[in-house]
Amino acid sequence: MALSNFVMPALPSPTSWFPGHMKKFTRMLPSLLTRTDVVLEIRDSRLPLTSINRTLEGALRKWRLERGWDPNDPSKRIVSVQACEHIVVFNKRDLVPSWGMEPFSKAMEKKFPHQRLLFASWHRSRDIRTLNEILVNIAKQHPHALELNVLVIGMPNVGKSTLLNTLRHQGIKGHTAKAFQTSANPGMTQALSTRLKLSVEPPIYAYDSPGVMLPYLGRGTEGAERGVKLALIAGIKEGLYDMEALAGYLLYRLNVLNPISPVYLDLLPKGAQPTTELTEFLTQLGHRMGMLKKRGEVDLARAAVYFVRWWREAGGLLAAKGSFHQIHQQKPAPRPTAIPTPLPPPATGPTDEGAATASGGLRPAQSEPLVSTDISSLLVGGHAPRVEGWGFDFQWALQEAADLEKRSTAPQLFLQEKMEVCIDQYLEMIDREEREEMNISPTQIKKRQVMEEKQRRRMRYNK
């Protein structure tokens with residue numbers, strides 16, 4: 001059974017988490033950039049847009065302008081005396097489907113030409129080697145400099161310290177001790193680190209910094225969804241969000257990513273069907289895992305905690321391997337006894353033969369992949385949109401037969417265009433929030449009003 005109607009569940013109001021060490025680093029950043037040659041910004045591949053810290057953008061923009069970059073053309077540098085590079089590393093690449101990385105990179109390069117982009121994961125030696133080579137090449141482009149200084153920034157729990165430990169091991173031959181402590185919980189690093197040597201020749205040093213959260217996540221639906229996303233990847237302190245609320249949003253997102261065979265089905269009793277009802281899902285999960293209270297009642301809260309932690313530890317890997325889009329595009333070898341499977345009227349994708357199992361593999365296919373001569377029949381009811389997505393930040397609807405035609409004939413270009421639209425929508429949302437001051441907490445607005453009133457009274461008194 002394929003799900004067709006997706007309604008986002010009600011989300012809790014965003015909770016602010018901006019301790020003093022984050023505020024302190026935000027104030028220190030402009031002075032730190034004066035002795036920085038490369039900014040290595042780490043983001044989470046699952047939230048490539050949500051994990052952008054807008055509070056740091058102003059200082060980075062000023063740093064680039066002071067180092068000679070053209071204010072009218074971000075990809076052009078007028079004066080090149082000292083190294084000045086902004087590298088964005090999308091960490092934990094193994095937790096997102098690989099089919100979206102290339103179109104996403106092209107879409108981001110088009111929107112942010114001044115940033116170098118790289119997908120990486122700390123346990124993939126090839127990725128670490130590539131990042132090390134990028135830093136070495138930047139250092140060699142400025143042979144007059146005594147050393148190259150790298151500042152690592154990003155939101156909490158995106159993997160900054162872990163990535164630096166691995167970079168050190170890659171760049172320096174022989175045994176290297178673990179330089180920074182790491183933790184699965186956000187907020188382990190609370191102060192700027194001492195310099196860490198990443199390479200001997202050329203000399204490259206790096207500073208690890210504390211993860212900095214947005215001071216205020218925002219108001220309305222956008223702010224609420226932003227907070228839940230960050231809490232799901234453990235970017236916000238544990239306990240600030242109700243696990244059942246996180247489980248409800250996670251269920252919604254996994255259904256969007258694969259409406260035919262969501263990865264969570266492996267957690268449920270045999271024969272279970274995809275569902276959009278959180279209570280029904282948690283009840284089945286609780287029965288399967290034996291999470292029962294007295295009198296045989298299912299412990300829904302415990303089941304919600306299990307579901308969220310399963311996704312953080314193993315479910316994300318399985319979701320990346322069992323992507324709905326990847327399965328739809330994949331063509332298994334035909335068999336002589338293949339019997340074409342007719343397209344059911346309400347279906348929105350390929351049939352269960354060839355769909356992904358929760359372990360990330362493909363069930364034995366009995367026929368060629370789904371091909372419909374009438375493209376419009378893939379739309380639910382002939383006109384209602386079918387939803388697809390990549391990660392948790394990208395989602396689009398297939399509303400016309402032309403979309404399905406282009407998706408079939410030029411999938412990479414189709415994905416790039418859809419992702420560009422999502423990025424534009426994100427930038428418009430950010431501009432609107434800043435214009436309407438939705439990114440400022442009511443407390444800060446009240447404090448500002450009090451200060452303005454005091455200033456007016458002071459001016460009247462001075463007259």
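The values are calculated or read from the model by the stated rules, or taken from the named source; none is laboratory data. In this text, all values refer to a predicted model and were calculated from it rather than measured experimentally. Cβ sites come from the backbone with ideal geometry, for glycine too, and all protein chains shown count toward neighbours. Heavy atoms of the whole protein, side chains included, go into the accessibility calculation; ligands, DNA and RNA do not. Shrake-Rupley method; radii C 1.70, N 1.55, O 1.52, S 1.80 Å.
Mind checking which lysines have their Cα closer than 18 Å to the Cα of K446? Skip sequence neighbours fewer than 8 apart in that chain.
Here the lysines satisfying the reach criterion relative to K446 are K454.
Please work out the C-alpha center-to-center distance from region 398-461 to region 110-160 and express it in whole Å.
Between the Cα centres of region 398-461 and region 110-160 lies a distance of 28 Å.
Ordering K406, K106, K270, K321 by how much accessible area each has at a 1.4 Å probe, largest first, what is the list?
The ranking, largest first, comes out as K270, K321, K106, K406.
Can you give me the solvent accessible area of H144 with a 1.4 Å probe, rounded to the nearest 10 Å²?
About 130 Å², ignoring ligands and nucleic acids.
Taking Cα centroids, how far is region 232-267 from region 12-40 in Å?
One Cα centre to the other: 28 Å.
If you keep only loop residues by DSSP, which trypsin sites (Lys or Arg not before Pro) in region 1-35 have at most 12 other Cβ atoms within 10 Å of their Cβ? Before the final figure, lay out the partial values.
On the way: sites: K23, K24, R27, R35; in loops: R35.
Those satisfying the criteria are R35.
Distance cut-off 30 Å, Cα to Cα: go down the list K321/K418; K140/K237; K270/K406; K24/K140; K24/K321 and report the pairs above it.
Where the Cα-Cα span goes over 30 Å, the pairs concerned are K140/K237; K270/K406; K24/K140; K24/K321.
In what sequence, highest mean first, do 449-461, 288-300, 228-240 appear when ranked by Cβ atoms within 10 angstrom?
Numbers: 449-461: 9.5, 288-300: 12.9, 228-240: 20.5.
Highest mean packing first, the order is 228-240, 288-300, 449-461.
How high is the FRET efficiency from S125 to N462, r the C-beta distance, R0 51 Å, rounded to 0.05?
E between S125 and N462, to the nearest 0.05, is 0.15.
Report T443's accessible area, 1.4 Å probe, all protein chains in place, as a number in Å² to the nearest 10.
Its heavy atoms expose roughly 80 Å² to the probe.
For R302, what accessible surface area do you get with a 1.4 Å probe? Give it in Å², rounded to 10.
Here the residue's solvent-accessible area equals roughly 120 Å².
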